[in-house]
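Novice: Attaching a single structure in structure tokens format; questions to follow.
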Amino acid sequence: MKSPLSQAQAGVYYACETSVSDEYNYQNPVLFALPDDADLAKLQQAVQDALCAHPYLFSHVVVNDEGVPEIESGEVTANVPIRELNEEEWKAAQETFAKTMDIHGDKLYRAEIYTVHHTPDAVHHFLYIDLHHVLADGFSVTLLLRDIERLYNGKRPAGEMLDGAAIATAEAEQRANETLMGEAKQWYSQTFCDAADTDSLPIPERKRKAKRHKPKAGISTLR
């Protein structure tokens, strides 16, 4: 199933498409140090179930025959690995954190659990989650973490009452309503000089055609 991009999502999409920096990304990476007594298998299941409680996170961006980007739903199945690493492997793993995701990629989220053996007697655990901003914002991350906590503690996830697809579809319907758009233009013309005659998100001509490209190689390391 496909849905339009909201105006906010379109802004994220074209910002990613027109970026010239290899280190540019538009994501929401978070890294948590876990308690020593954390039940990692239980947490693994909780993260997987929480992700599946928000099916929109399994969507990805496609470009239709007219060159217009859309959100296409994907298979709702999550695999959150638990990786055991030594000190050197942990340093290398951190270099992959916040690595720029391909806006056209099939997977726009990442979730992993790490057990790091610093020494035989010093072991630490971490949870890493990264969601692309075209699908989620900071508040969305908070809601996902809330559901992870609920599931870890044996409760049902709150899930979502309204996902991004429903919001974008409703927005598209409103923008197609001439009465509403007329009122909006009148308000903007009274509030902002010449705003009513300005398209706030023009589509770059060079990005109209469907394009597949490799992920950018830029790395931004969490500290």
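Novice: Which of the trypsin sites (Lys or Arg not before Pro) found in region 20-118 are loop residues per DSSP with 15 or fewer other Cβ atoms within 10 Å of their Cβ?
Specialist: 107
Novice: Please go through region 1-104 and write out the GluC sites (Glu not before Pro) that DSSP classes as loop and that have at most 10 other C-beta atoms within 10 Å.
Specialist: Sites meeting the loop and neighbour criteria: 66, 75.
Novice: Let me ask something else. What distance in nm separates the simple spin-label points at residue 122 and residue 175, each placed 7 Å from Cα in the Cβ direction?
Specialist: Label at residue 122, label at residue 175, 5.3 nm between them.
Novice: Heavy atoms only, 1.4 Å probe, whole protein assembly: order 58, 192 by accessible area, highest first.
Specialist: Output order, biggest surface exposure first: 192, 58.
Novice: Which percent of the accessible area of region 42-177 is formed by carbon and sulfur heavy atoms (probe 1.4 angstrom)?
Specialist: 49
Novice: Among rounded, prolate and oblate, which fits region 74-124 when a ≥ b ≥ c are the square roots of the eigenvalues of its C-alpha gyration tensor, a/c under 1.5 means rounded, and a/b larger than b/c means prolate?
Specialist: It is oblate, given that a/c is not under 1.5 and a/b is not larger than b/c.
Novice: Put one equal scatterer on each alpha carbon of region 91-181, apply the Debye formula with no solvent term, and list log10 I(q)/I(0) at q = 0.11, 0.17, 0.18 1/Å to two decimals.
Specialist: Values returned for q = 0.11, 0.17, 0.18 Å⁻¹ are -0.52, -0.97, -1.03.
Novice: Given region 29-93, report the % of alpha carbon pairs whose separation exceeds 19 Å.
Specialist: The proportion of pairs with Cα distances above 19 Å equals 54 percent.
Novice: Here is a follow-up. Take the alpha carbon atoms of region 18-88, find their center, do the same for region 131-152, and report the distance between the two centers in whole angstrom.
Specialist: 10
Novice: At 0.36 nm per residue, minus the direct Cα-Cα distance, what do residue 1 and residue 26 gain on full extension? Give it in nm, one decimal, please.
Specialist: That pair, residue 1 and residue 26, stretches by 6.6 nm at full extension.
The values are calculated or read from the model by the stated rules, or taken from the named source; none is laboratory data. This structure is a prediction, so every number in the text was calculated from the model and none was measured. Cβ atoms come from the backbone with ideal geometry, glycine included; neighbour counts cover every protein chain shown. With ligands, DNA and RNA removed, areas are computed over all heavy atoms of the protein, side chains included. Shrake-Rupley method; radii C 1.70, N 1.55, O 1.52, S 1.80 Å.
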